[in-house]
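S.K.: Here you go, one structure.
The values are calculated or read from the model by the stated rules, or taken from the named source; none is laboratory data. Bear in mind that the values here come from a model prediction, so they are computed numbers and not experimental data. Positions of Cβ are generated from backbone atoms using ideal geometry, with glycine treated the same way; all protein chains shown enter the neighbour counts. When the accessible area is computed, the model is the full protein with side chains, heavy atoms only, and any ligands, DNA or RNA have been set aside. Shrake-Rupley method; radii C 1.70, N 1.55, O 1.52, S 1.80 Å.
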Amino acid sequence: MKVWWKESVIYQIYPRSFCDSNDDGIGDIQGIISKLDYLKDLGIDIIWLSPVYQSPNVDNGYDISDYQAISKDFGTMDDFEMLLKEAHNRNIKIVMDLVVNHTSDEHQWFIESHQTQDNPYRDYYIWKEGKNGKEPNNWASVFSGSAWQYDETTDMYYLHLYSSKQPDLNWENEILREEIYKMMRWWLDKGIDGFRMDVINKISKVQTFEDVLPQSQQYMRPSKYVSNGPRIHEFLKEMNQKALSSYDVMTVGEITACSIEQAKQYTGDYENELNMLFQFEHMDVDLGEYGKWTPIPLNLVQLKKVLTKWQYGLADYGWNSLFWDNHDQPRAVSRFGNTEKYWADSAKMLATALHFLKGTPYIYQGEELGMTNYPFQSLDDCQDVEVFNAYKELVQEKKVLTHEQMMKGICANSRDNARTPMQWNNEENAGFTQGTPWMKINPNYKTINAKSQINNQDSIYSYFKKLIELRHQMPIIVYGKYTLLEEEHPDLYIYTREYQDKKLLIITNFSENEYDYALHEYSDGKLLISNHHIDIQKTIHIAPYGAYVIQK
Ligand code: NOJ
């Protein structure tokens with residue numbers, strides 16, 4: 001089915017780090033408004049706004065204490081309405097983050113819920129008795145330690161799959177579900193253009209709340225009991241019918257782990273659940289023994305395998321999101337590219353490899369400038385609750401990693417890498433704020449910044465602009481059939497797209513090695529975009545981190 005959200009390019013804004021208009025060191029809504037022309041020039045269609053709701057900010061807004069209020073850090077509801085209007089005036093849509101697996105423990109529902117066992121809000125959350133003086137079961141929180149928090153007031157535990165200040169909502173409770181749908185309709189009636197749904201496949205849990213077995217560690221990740229649970233499709237269909245179906249909006253579900261079959265059920269055109277899913281399998285290929293904290297070198301064959309599995313899997317039914325960067329991932333150019341010798345080439349190469357795939361592409365703020373990881377020196381440079389909890393568990397309690405090993409992991413993979421302020425220019429604080437930034441600015445802002453790239457035809461920014469333009473012009477990039485070539489090649493990722501009588505050959509080099517590659521039927525094609533100029537001949541020379549798209 002042909003629809004607008006398949007033909008769009010999405011730009012993710014992490015408001016805290018985008019642009020500060022009032023010099024309190026924190027990005028805000030007026031700051032975003034001031035940069036709408038920049039986004040218009042880049043050519044994106046949709047903004048995904050990470051949470052701007054009222055929040056105590058334990059997890060930077062993913063802990064919401066009021067779904068219908070704007071955080072004071074970011075401005076007011078009037079500011080939000082102005083953003084919506086100004087974006088729409090420029091033909092840019094706004095998609096809001098919807099975080100309904102959990103709230104903040106400072107949400108009024110939770111404040112009520114924890115007071116007495118017969119409080120009307122008690123069943124909005126998941127409360128259990130302890131077992132033998134311990135937690136109800138051995139489930140681990142994503143942010144380390146137990147997923148249960150003891151609450152003295154009623155001598156019971158509540159579930160929190162994330163931080164203890166993010167209690168999980170009880171979706172078994174129909175009254176809670178109705179409240180959520182009502183809140184969604186309230187935002188939709190304001191005119192927003194859709195929702196990105198945070199960890200949405202975790203809202204239905206297996207109700208037995210049994211231990212994860214075999215028990216090899218004190219606390220175990222409970223994925224099989226909390227991901228894609230027994231009522232997930234029922235809840236999403238209900239949400240669709242009661243909140244979404246009467247609006248022309250898009251939805252993207254953050255799905256932490258699922259099979260192709262499940263993905264088709266979530267996003268198939270005739271399922272009436274979600275439009276597309278945002279899954280992470282390709283982000284797992286370089287994780288080591290202690291996950292992201294002990295990364296292993298990229299195995300390109302493995303990365304291609306995962307990307308291809310999803311391309312083939314959702315080729316005819318369902319829809320993929322395409323991304324390298326987001327607010328939970330390190331900067332891709334530092335992770336899969338080469339920031340020393342081939343910074344610009346590798347940033348363009350990664351963009352090429354991604355933007356020609358089938359699905360809706362996402363650009364995370366600063367990715368279009370080739371922003372890189374931050375050189376963290378100590379924990380004082382960090383802000384993320386995930387880092388602090390993991391450090392405590394792995395370095396201080398279990399002592400499985402040394403401080404140096406953990407710092408290496410933080411530099412490579414912590415979420416804070418993505419959260420340093422946007423680099424607008426080479427002036428003080430990179431033009432992000434006139435105050436003291438809430439998070440340190442990457443010292444490389446003097447060379448990597450928007451101002452130096454906007455009017456430079458050779459810049460990473462201009463390259464992204466061209467990629468977006470091509471997607472808008474050429475249905476083959478949106479709807480064409482994907483085929484992987486050179487499956488076992490250790491350095492080159494090569495694939496084709498085909499649509500009606502058109503064909504594209506996409507060649508990307510994930511290494512410093514150089515190759516000659518025979519173009520065969522493409523040798524009389526035309527170079528559509530590349531990060532190095534080449535003449536199309538029978539055999540082309542592929543430069544380090546080279547990227548070439550040939551049209552036939
Ligand atoms: C996924 C979000 O992307 C992440 O930033 C957050 O910490 C968790 N969900 C919990 O909301």
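S.K.: Within the stretch 142-171, take every residue that is outside the structural domain of Tyr121 (by TED's automatic domain parsing) and open to solvent by 40 Å² or more (accessible area, probe 1.4 Å) and give me the one that is nearest to the ligand (Cβ to nearest atom).
M.R.: Restricting to residues being outside the structural domain of Tyr121 (by TED's automatic domain parsing) and open to solvent by 40 Å² or more (accessible area, probe 1.4 Å), the top hit is Lys165.
S.K.: So, one more: Exactly one condition in (1) under 26 Å from Thr267 (Cα atoms); (2) within 16 Å of the ligand (Cβ to nearest atom); (3) in a loop (DSSP other than H, G, I, E, B) is not met by Tyr67; state its number.
M.R.: Looking at each condition in turn, Tyr67 falls short on (3).
S.K.: Taking the condition within 30 Å of Leu314 (Cβ to Cβ) and in contact with a Phe, Trp or Tyr (Cβ under 7 Å, 6 or more places away or on another chain), does Val95 pass? Full working, then the answer.
M.R.: Values: within 30 Å of Leu314 (Cβ to Cβ): yes; in contact with a Phe, Trp or Tyr (Cβ under 7 Å, 6 or more places away or on another chain): yes.
Here the answer is yes, as Val95 does meet what is asked.
S.K.: Taking the condition in contact with a strand residue (DSSP E or B) (Cβ under 7 Å, 6 or more places away or on another chain), open to solvent by less than 40 Å² (accessible area, probe 1.4 Å) and farther than 20 Å from Lys309 by Cβ, does Leu277 pass?
M.R.: Against the criterion (in contact with a strand residue (DSSP E or B) (Cβ under 7 Å, 6 or more places away or on another chain), open to solvent by less than 40 Å² (accessible area, probe 1.4 Å) and farther than 20 Å from Lys309 by Cβ), Leu277 does not qualify.
S.K.: With the checklist (1) open to solvent by 20 Å² or more (accessible area, probe 1.4 Å); (2) part of a loop (DSSP other than H, G, I, E, B); (3) among the acidic types (Asp, Glu) in hand, flag the one item Glu81 doesn't pass.
M.R.: Unmet for Glu81, out of (1) open to solvent by 20 Å² or more (accessible area, probe 1.4 Å); (2) part of a loop (DSSP other than H, G, I, E, B); (3) among the acidic types (Asp, Glu): (2).
S.K.: Then there is this: In this structure, is Asn132 out of contact with any strand residue (DSSP E or B) (no Cβ under 6 Å at 6 or more places or on another chain), open to solvent by 60 Å² or more (accessible area, probe 1.4 Å), polar (S, T, N, Q) and closer than 21 Å to Ile10 by Cβ?
M.R.: Working: out of contact with any strand residue (DSSP E or B) (no Cβ under 6 Å at 6 or more places or on another chain): yes; open to solvent by 60 Å² or more (accessible area, probe 1.4 Å): yes; polar (S, T, N, Q): yes; closer than 21 Å to Ile10 by Cβ: no.
No; evaluated as a whole, the condition is false for this residue.
S.K.: Related question: Tell me yes or no: at least one residue of the stretch 76-99 is assigned by TED's automatic domain parsing to the domain that holds Phe432, within 16 Å of the ligand (Cβ to nearest atom), small (Gly, Ala, Ser) and closer than 29 Å to Ala430 by Cβ. Break it down stepwise before answering.
M.R.: Going residue by residue through the stretch 76-99, those that are assigned by TED's automatic domain parsing to the domain that holds Phe432 are 76-99.
Cutting the leftovers down to within 16 Å of the ligand (Cβ to nearest atom) gives us 95-99.
Right, trim to small (Gly, Ala, Ser) and you get none.
No, that holds for no residue.
S.K.: Given the conditions (1) more than 23 Å from Asn389 (Cβ to Cβ); (2) buried (at least 18 other Cβ atoms within 10 Å of the Cβ), and given that Asp41 satisfies all but one, which numbered condition is not satisfied?
M.R.: (2)
Table: residues versus (1) open to solvent by 30 Å² or more (accessible area, probe 1.4 Å); (2) outside any strand (DSSP E or B).
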| site | (1), (2) |
| --- | --- |
| Glu487 | yes, yes |
| Glu498 | yes, no |
| Thr508 | no, no |
| Asp516 | yes, no |
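S.K.: Taking the stretch 530-552, which residues are open to solvent by 10 Å² or more (accessible area, probe 1.4 Å) and within 26 Å of Arg335 (Cα to Cα)? Walk me through it before giving the result.
M.R.: Keep residues of the stretch 530-552 that are open to solvent by 10 Å² or more (accessible area, probe 1.4 Å), which gives 530-539, 541, 543-545, 551-552.
Of everything in the stretch 530-552, those that are open to solvent by 10 Å² or more (accessible area, probe 1.4 Å) and within 26 Å of Arg335 (Cα to Cα) turn out to be Ser530, Asn531, His532, His533, His541, Ala543, Pro544, Tyr545.
S.K.: Tell me the residue from Leu401, Leu467 that is surrounded by 18 or more Cβ atoms within 10 Å (Cβ to Cβ) and over 30 Å from Tyr162 (Cα atoms), please. First the steps, then the outcome.
M.R.: Details: Leu401 fails: over 30 Å from Tyr162 (Cα atoms).
Being surrounded by 18 or more Cβ atoms within 10 Å (Cβ to Cβ) and over 30 Å from Tyr162 (Cα atoms) holds for just one of Leu401, Leu467, which is Leu467.
S.K.: Those residues that are surrounded by fewer than 21 Cβ atoms within 10 Å (Cβ to Cβ) and small (Gly, Ala, Ser), I need them from the stretch 60-72; list them, please.
M.R.: Ala69
S.K.: Say we look at the stretch 28-59 and pick out the residues that are within 16 Å of the ligand (Cβ to nearest atom) and outside any strand (DSSP E or B); which of these is nearest to Gln453 (Cα to Cα)?
M.R.: The extreme case among them is Ser50.
S.K.: Could you grab me the full set of residues in the stretch 311-337 that are in a loop (DSSP other than H, G, I, E, B), more than 16 Å from the ligand (Cβ to nearest atom) and within 18 Å of Lys408 (Cβ to Cβ)? Let's see the steps before the verdict.
M.R.: Keep residues of the stretch 311-337 that are in a loop (DSSP other than H, G, I, E, B), which gives 314-319, 323-331, 336-337.
Then drop every residue that is not more than 16 Å from the ligand (Cβ to nearest atom), which leaves 314-319, 336-337.
Phe336, the sole residue that qualifies.
S.K.: Here's another thing I want to ask about it. In the list Val252, Val285, Val212, Val306, which residue meets the criterion of being touching a residue at least 60 places away in the same chain (Cβ under 8 Å) and either within 16 Å of the ligand (Cβ to nearest atom) or more than 30 Å from Pro136 (Cα to Cα) (or both)?
M.R.: Details: Val285 fails: touching a residue at least 60 places away in the same chain (Cβ under 8 Å); Val212 fails: either within 16 Å of the ligand (Cβ to nearest atom) or more than 30 Å from Pro136 (Cα to Cα) (or both); Val306 fails: touching a residue at least 60 places away in the same chain (Cβ under 8 Å).
Answer to the check: Val252.
S.K.: State whether one or more residues within the stretch 51-59 are surrounded by fewer than 20 Cβ atoms within 10 Å (Cβ to Cβ) and either assigned by TED's automatic domain parsing to the domain that holds Asp193 or modelled with pLDDT under 95 (or both). Spell out the reasoning first.
M.R.: Let us first name the residues in the stretch 51-59 that are surrounded by fewer than 20 Cβ atoms within 10 Å (Cβ to Cβ), namely 56, 58.
Then keep just the ones that are either assigned by TED's automatic domain parsing to the domain that holds Asp193 or modelled with pLDDT under 95 (or both); that gives 56, 58.
So far as the stretch 51-59 goes, yes, one or more of its residues are surrounded by fewer than 20 Cβ atoms within 10 Å (Cβ to Cβ) and either assigned by TED's automatic domain parsing to the domain that holds Asp193 or modelled with pLDDT under 95 (or both).
S.K.: Let me ask you something else. Is one or more of the residues making up the stretch 216-239 at pLDDT 95 or above, within 23 Å of the chain's Cα centre (by Cα) and over 30 Å from Trp148 (Cα atoms)?
M.R.: Checked against the condition, which is being at pLDDT 95 or above, within 23 Å of the chain's Cα centre (by Cα) and over 30 Å from Trp148 (Cα atoms), the stretch 216-239 yields no hits at all.
S.K.: Determine which single condition Asp24 fails, assuming it passes every other condition in (1) of a type in the set (D, E, K, R); (2) more than 14 Å from the ligand (Cβ to nearest atom); (3) within 20 Å of the chain's Cα centre (by Cα).
M.R.: Of (1) of a type in the set (D, E, K, R); (2) more than 14 Å from the ligand (Cβ to nearest atom); (3) within 20 Å of the chain's Cα centre (by Cα), only one is false for Asp24: (3).
S.K.: Read through the list (1) open to solvent by 10 Å² or more (accessible area, probe 1.4 Å); (2) within 16 Å of the ligand (Cβ to nearest atom), then give the number of the only condition that Pro120 fails.
M.R.: (2)
S.K.: While we're looking at this one, here's another question. Can you pull out every residue in the stretch 342-370 that is under 27 Å from Glu514 (Cβ atoms) and among the aromatic types (Phe, Trp, Tyr)?
M.R.: Tyr342, Trp343, Phe356, listed by residue number.
S.K.: Looking only at residues in the stretch 338-363 that are among the basic types (Lys, Arg) and part of a loop (DSSP other than H, G, I, E, B), which one is farthest from the ligand (Cβ to nearest atom)?
M.R.: We begin by selecting, within the stretch 338-363, every residue among the basic types (Lys, Arg); these are 341, 348, 358.
Next, from what is left, pick out any that are part of a loop (DSSP other than H, G, I, E, B): 341, 358.
On the way: Lys341: 32, Lys358: 24 Å.
Taking the candidates together, the pick is Lys341.
S.K.: Asp24: farther than 20 Å from Ile200 by Cβ and either hydrophobic (A, V, I, L, M, F, W, C) or open to solvent by 10 Å² or more (accessible area, probe 1.4 Å) (or both), yes or no? Steps first, answer last, please.
M.R.: On the way: farther than 20 Å from Ile200 by Cβ: yes; either hydrophobic (A, V, I, L, M, F, W, C) or open to solvent by 10 Å² or more (accessible area, probe 1.4 Å) (or both): yes.
Against the criterion (farther than 20 Å from Ile200 by Cβ and either hydrophobic (A, V, I, L, M, F, W, C) or open to solvent by 10 Å² or more (accessible area, probe 1.4 Å) (or both)), Asp24 qualifies.
S.K.: Let me ask something else about it. Of everything in the stretch 185-200 that's more than 21 Å from Tyr162 (Cβ to Cβ) and in contact (Cβ under 8 Å) with a residue 60 or more places away in the chain, which residue is most open to solvent (accessible area, probe 1.4 Å)? Working first, answer last.
M.R.: Of all residues in the stretch 185-200, those more than 21 Å from Tyr162 (Cβ to Cβ) come to 185-194.
Among the residues that remain, those that are also in contact (Cβ under 8 Å) with a residue 60 or more places away in the chain are: 186-188, 190-194.
On the way: Trp186: 88, Trp187: 0, Leu188: 8, Lys190: 56, Gly191: 27, Ile192: 6, Asp193: 19, Gly194: 0 Å².
Here the answer is Trp186.
S.K.: Another question, then. Regarding Ile460, is this residue crowded, with 22+ Cβ neighbours inside 10 Å, within 22 Å of Ser346 (Cβ to Cβ) and outside the structural domain of Ile44 (by TED's automatic domain parsing)? Walk me through how you get there before you give the answer.
M.R.: On the way: crowded, with 22+ Cβ neighbours inside 10 Å: yes; within 22 Å of Ser346 (Cβ to Cβ): yes; outside the structural domain of Ile44 (by TED's automatic domain parsing): no.
In short, no.
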